[in-house]
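Inspection log for the structure reproduced underneath, given as structure tokens.
The values are calculated or read from the model by the stated rules, or taken from the named source; none is laboratory data. Note that the structure is a prediction, hence the values are computed from the model and not measured. Please note: Cβ atoms are built from the backbone with ideal geometry, for glycine as well, and neighbour counts cover all protein chains shown.
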Amino acid sequence: MTETNVSVVVTGMAWMGSGIGSIESALKRLFREAEHEIALTAYTISSGADLIFDWLEGALTRGVQVRLATNRLNDLPSEVAFQLRRLASDYPHFHLYNFSREDEADLHAKALVVDRRLALIGSSNLSRRGLLTNHEIAILLQGSSASVAASVLDRLFSSQYVVRISG
């Protein structure tokens, strides 16, 4: 069995410190270390999450393939949807997917997998509050469990529940 390294990262003052890293720092690291691919799911992305767009575009500029599935793209703030569509138009290796089901089920997962070797899975939305002030928790996986998470996301991206959006 291949080993997995697991660490916990958080936001929120009640449990910061004592050597526990932040979700924001973990996200920044993963976007910057990506060499080949990023797979990402988001329940919501707020207009206050400017850093996410900076990190995302930085990875795209380096040629990293990015697949992002977001819950109900049309329900996101208009400026966020516009930015995502712009990235899909400007970068052919950015694959934007909309998750929307008639039965009102949501894509509530918050997961980021980088190069099938690193994964961040937790409760934080891609919002200023989710990255800085809410009390959120996530696990950072390195190793075989990150590869398993990548396989799970592969199934989502090829399912009937997501539709690829062109820029």
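Against the condition among the small types (G, A, S), surrounded by 14 or more Cβ atoms within 10 Å (Cβ to Cβ), in contact (Cβ under 8 Å) with a residue 40 or more places away in the chain and not in a strand (DSSP E or B), how does A39 come out, does it pass?
So A39 fails the test.
Kindly indicate whether any position in segment 65-88 is among the aromatic types (F, W, Y), surrounded by fewer than 16 Cβ atoms within 10 Å (Cβ to Cβ) and assigned to a helix (DSSP H, G or I).
Yes, because at least one residue in segment 65-88 is among the aromatic types (F, W, Y), surrounded by fewer than 16 Cβ atoms within 10 Å (Cβ to Cβ) and assigned to a helix (DSSP H, G or I).
Check off (1) over 16 Å from the mean Cα position of the chain (by Cα); (2) buried (at least 18 other Cβ atoms within 10 Å of the Cβ) for G143 and give me the number that stays unchecked.
(2)
Within segment 21-61, take every residue that is closer than 12 Å to L120 by Cα and among the β-branched types (V, I, T) and give me the one that is modelled with the lowest pLDDT.
The qualifying residue modelled with the lowest pLDDT is I23.
Quick one: in segment 50-102, which of the residues that are among the small types (G, A, S) and in contact with a helix residue (DSSP H, G or I) (Cβ under 7 Å, 6 or more places away or on another chain) is nearest to R155 (Cα to Cα)?
A69
Counting only residues that are touching a strand residue (DSSP E or B) at 6+ places or on another chain (Cβ under 7 Å) and not acidic (D, E), which one in segment 89-107 is surrounded by the fewest Cβ atoms within 10 Å (Cβ to Cβ)?
H93
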